[in-house]
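Please read the structure below before turning to the comments.
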Ligand code: UDP
């Protein structure tokens, strides 16, 4: 587990946002993985995914509070979470401010269209150079199309680990771009799914709100989080010896 925590971004959220903004301006390439305990548990079972997220070219941020708590237990001081949804909004904001381009890939067609409307309305200077729903047959082909458009930001919402693997396997085709796997963020930012109310977020209980709203997630959430707690504890005990 230590290899993940060594790699996860540890500075303040605002410094991370500044770093991204600089990278957009300087046309540097960046691949960001927004990690929660489930991400790390999938990585423990999927060697290809593990290679992708631990690659030197990859930046991992703490999407959920579980990662921050785990880091404290292992004495890696990750200060705060940088939720994927917030990162997405920040990227829209920067594209608006800097008149940069975005490609949106993933989610259902109606959700994507709603999101495009939201961006046009709230971030009028951001350039949506293209979008594609996440249910097309050949997702690699879409990446060939994205390559031709040379976007400044590419957001991929296909769920873990598919979104990250797709980005990682295509990254070498690009000279610039901020690439992020954003999970269910399009559903939230399009206004289709509600984000947890502020008091849930303040208490770091966004995960609980999501479970209440989508109880089908319970098994997936429970299994990965229990495994995660065991892994963190055994890692902590090994470090004590
Ligand atoms: N999705 C997609 N194509 C697929 C499977 C999923 O576009 O083949 C989308 C789905 O519609 C949703 C997102 O991927 O918008 C993943 O959402 P989920 O909440 O499962 O992601 P998480 O954040 O939990 O990884």
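Readers should treat all values here as calculations from the given coordinates under stated rules, not as data from a laboratory. Treat the numbers as computed from the prediction; the structure is a model and nothing was measured. Positions of Cβ are generated from backbone atoms using ideal geometry, with glycine treated the same way; all protein chains shown enter the neighbour counts.
Within region 147-164, the residues that satisfy the criterion of being within 16 Å of the ligand (Cβ to nearest atom) and within 18 Å of residue 23 (Cβ to Cβ) are 154, 155, 156.
Out of all the residues in region 124-131, is one or more within 16 Å of the ligand (Cβ to nearest atom) and without any contact (Cβ under 8 Å) to a residue 60 or more places away in the chain? Yes, that holds for at least one residue. Among the residues of region 1-50, those that are free of Cβ contacts under 8 Å to residues at least 12 places away in the same chain, out of contact with any strand residue (DSSP E or B) (no Cβ under 9 Å at 6 or more places or on another chain) and assigned to a helix (DSSP H, G or I) comprise 14, 15, 18, 22, 45, 47, 50. Among the residues of region 172-192, those identified as more than 10 Å from the ligand (Cβ to nearest atom) and under 23 Å from residue 28 (Cα atoms) are 172, 173, 174, 175, 176, 177, 178, 179, 180. Here the condition is being within 14 Å of the ligand (Cβ to nearest atom), assigned to a helix (DSSP H, G or I), under 25 Å from residue 50 (Cα atoms) and out of contact with any strand residue (DSSP E or B) (no Cβ under 9 Å at 6 or more places or on another chain); of 140, 169, 144, it holds for 140 alone. Scanning region 89-115 for residues that are within 16 Å of the ligand (Cβ to nearest atom) and out of contact with any strand residue (DSSP E or B) (no Cβ under 6 Å at 6 or more places or on another chain) returns 89, 108, 109, 110, 111, 113, 114, 115. Would a scan of region 180-190 turn up a residue that is in contact with a strand residue (DSSP E or B) (Cβ under 6 Å, 6 or more places away or on another chain), surrounded by fewer than 19 Cβ atoms within 10 Å (Cβ to Cβ) and touching a residue at least 24 places away in the same chain (Cβ under 8 Å)? Looking through region 180-190, none of the residues is in contact with a strand residue (DSSP E or B) (Cβ under 6 Å, 6 or more places away or on another chain), surrounded by fewer than 19 Cβ atoms within 10 Å (Cβ to Cβ) and touching a residue at least 24 places away in the same chain (Cβ under 8 Å). Residue count for region 20-58 under the criterion of being surrounded by 15 or more Cβ atoms within 10 Å (Cβ to Cβ) and under 25 Å from residue 127 (Cα atoms): the result is 9. Within region 193-214, restricting attention to residues that are touching a helix residue (DSSP H, G or I) at 6+ places or on another chain (Cβ under 9 Å) and in a loop (DSSP other than H, G, I, E, B), the residue that is farthest from the ligand (Cβ to nearest atom) is 197.
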